[in-house]
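Working notes for the structure below.
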Amino acid sequence: MKRRPEQPVERPTSRLFRRLFLSRLADAHAAGRLAFFGELEGLCRREAFAAHLAPLRRKNWFVYAKAPFAGPEAVLAYLARYTHRVAISNSRLLGLDERGVTFRYKDYRRNGQARYRTLMLATDEFIRRFLLHVLPKGSTASATTDYSPAPPAGPISRAPGN
């Protein structure tokens with residue numbers, strides 16, 4: 001089927017992505033792979049979760065996709081640098097003793113050699129911070145992926161408490 005010039009390629013892509021994303025999100029909920037806490041705890045119920053997703057099915061989603069300049073091999077090489085990274089490499093870990101974990105980090109507010117700093121954290125605090133970077137099973141992170149529903153019309157409201 002030949003595409004008409006007035007029909008942007010983004011619309012079919014956006015609809016497909018929206019359908020697949022919401023379908024897989026509903027499947028994950030039905031399989032018990034999602035957890036909700038605090039004010040969102042009610043979303044554990046199937047009916048409440050479906051009602052929460054209903055407005056997203058009616059919104060226009062915008063998917064930004066363009067052909068890679070250097071071909072698919074260059075895209076794969078670029079993404080490979082990000083998908084298998086860990087929160088901290090072994091070379092940055094300097095020591096572990098009864099006081100805690102000592103490691104090197106970069107302070108981007110400083111320049112030159114002062115940028116490289118050393119920090120010691122209590123072991124439980126180090127583990128807590130490390131686990132903030134662990135993704136759920138089956139998830140991947142990428143610096144180039146940003147899929148989200150269209151922004152709300154009108155002024156942007158602030159989150160409660162901000």
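For Thr123, neighbours were defined as the other residues whose beta-carbon sits under 15 Å from its Cβ, and their charges (Lys and Arg +1, Asp and Glu -1) total -1. What percent do you get for the relative contact order of segment 10-66 when only Cα pairs under 8 Å and 6+ apart count? That works out to 54 percent.
Can you give the local net charge around Asp27? Use residues other than it whose beta-carbon is closer than 13 angstrom to its beta-carbon, Lys and Arg +1, Asp and Glu -1. Intermediate results must be reported in sequence, preceding the final value.
Numbers: positive: Arg19, Arg24, Arg33, Arg46; negative: none.
Value of the local net charge: +4.
Read-outs: derived from the displayed coordinates by stated rules, not from any lab. These numbers come from a predicted model, not from an experiment. Note: ideal-geometry Cβ built from the backbone for every residue, glycine included; neighbour counts use all protein chains shown.
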